[in-house]
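J.: Below are the structure tokens for one structure; questions will follow.
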Amino acid sequence: MLSKFEITLKDSENDINRNMGSLFHGALMEMVSRDYGDYLHENHLKPFSQSIFKRDDEFKWIVNCLDRESSEIFNDILMNRLDKVEIKNKNKTYEVISKNMQTITYKNLIDSTYFSDSARIFKVNFLSPTSFKIDEKYTLFPNIEAIYKNLIRKFDSFSTEFSIYDEDMLESLIDSTEIIGYNLRSTVYHLESIKIPSYIGNICIKIHGTQQMTQIVKLLLTFAEYSGTGIKTALGMGAVKTDEVRKIAKK
């Protein structure tokens, strides 16, 4: 099961920013049990992602869960118990204005993407600073191979309905994908005393392969809206939203 929690926060002093993702992660970890916190700490691949950003003059804290256990635990914390978020490092408290939760099963996700019609062009929006570490260096431009490998690894780790990875398929997927446009800017993500080089903005990709290739891409990019992509997605990086781009038929 996949879950998306959207928490709207009151920011009277207008001091929330996307670089506070790691602080909100810390606040979230203080609300989980010690046993579950230890489990998350011991596992490199986290079953959730979270990020902070501004939408329509409101600050949103988005927490996404990739399996049933994390969905149930965070549902209790965020929907049943949360009325304020305390950021102890900055001695700040933010009141919760509203909360919303959406869920979807992996089966329904697959049915609505892999087993449905798909456009060949996708606009991938990187909502929070995004980066990958390749050959010990941070990337300042989206790397299609790294994005696909990252999403497939996460999907196959948490989905019990369907497995994607196949070496020949992955190679075909990479070869079939072309970046046809982009609007990006370089930035840095502040993680305590570390500044991580990253990018934010969007790219447009076109899939030149079979219809099956486009459906796999649609599945992966829709999943990315929950998992995020790249490094440090549990700490506020790599939030993604994807739009299909369909040509308007000529009259």
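J.: Condition first: outside any loop (DSSP other than H, G, I, E, B), in contact with a Ser or Thr (Cβ under 9 Å, 6 or more places away or on another chain) and surrounded by fewer than 24 Cβ atoms within 10 Å (Cβ to Cβ). Now tell me which residues in segment 227-244 satisfy that. Before you say what the answer is, go through the steps one by one.
T.: We begin by selecting, within segment 227-244, every residue outside any loop (DSSP other than H, G, I, E, B); these are 227, 233-235, 240-244.
Retained after the next criterion (residues that are in contact with a Ser or Thr (Cβ under 9 Å, 6 or more places away or on another chain)): 227, 233-235, 240, 242, 244.
A234, L235, T242, E244 - these are the residues of segment 227-244 that are outside any loop (DSSP other than H, G, I, E, B), in contact with a Ser or Thr (Cβ under 9 Å, 6 or more places away or on another chain) and surrounded by fewer than 24 Cβ atoms within 10 Å (Cβ to Cβ).
J.: Could we say that E178 is in contact (Cβ under 8 Å) with a residue 24 or more places away in the chain, surrounded by fewer than 18 Cβ atoms within 10 Å (Cβ to Cβ) and in contact with a Phe, Trp or Tyr (Cβ under 6 Å, 6 or more places away or on another chain) here?
T.: On the way: in contact (Cβ under 8 Å) with a residue 24 or more places away in the chain: yes; surrounded by fewer than 18 Cβ atoms within 10 Å (Cβ to Cβ): yes; in contact with a Phe, Trp or Tyr (Cβ under 6 Å, 6 or more places away or on another chain): no.
No: the conditions fail for E178.
One line per residue, one yes/no per condition, for (1) assigned to a helix (DSSP H, G or I); (2) more than 19 Å from the chain's Cα centre (by Cα); (3) small (G, A, S):
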| site | (1), (2), (3) |
| --- | --- |
| K4 | no, no, no |
| L23 | yes, no, no |
| Y36 | yes, yes, no |
| Q50 | no, no, no |
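J.: Pairs please, first residue from segment 55-80 and in a helix (DSSP H, G or I), second anywhere and among the charged types (D, E, K, R) and crowded, with 18+ Cβ neighbours inside 10 Å, Cβ atoms under 9 Å, 6+ apart in sequence or on different chains.
T.: From residues that are in a helix (DSSP H, G or I), the pairs are S70/K46.
J.: Looking at segment 77-122 only, could you name the residues that are among the charged types (D, E, K, R) and surrounded by fewer than 18 Cβ atoms within 10 Å (Cβ to Cβ)?
T.: Here is the first cut: in segment 77-122, the residues among the charged types (D, E, K, R) are 81, 83-84, 86, 88, 90, 92, 95, 99, 107, 111, 117, 120.
R81, D83, K84, E86, K88, K90, K92, E95, K99, K107, D111, D117 - these are the residues of segment 77-122 that are among the charged types (D, E, K, R) and surrounded by fewer than 18 Cβ atoms within 10 Å (Cβ to Cβ).
J.: Now for a separate question. Mind listing whichever residues of segment 130-147 are surrounded by fewer than 16 Cβ atoms within 10 Å (Cβ to Cβ) and aromatic (F, W, Y)?
T.: F141
J.: Moving on. Working only within segment 34-58, note down all residues that are closer than 18 Å to A224 by Cα and surrounded by 14 or more Cβ atoms within 10 Å (Cβ to Cβ).
T.: Scanning segment 34-58 gives K46, P47, F48, S49, Q50, S51, I52, F53.
Each reported figure results from applying straightforward, stated rules to the coordinates on display, with no laboratory input. Since the structure is predicted, the reported quantities are computational estimates derived from the model, not experimental observations. Ideal geometry is used to build each Cβ from the backbone, glycine not excepted, and the neighbour counts take in all protein chains shown.
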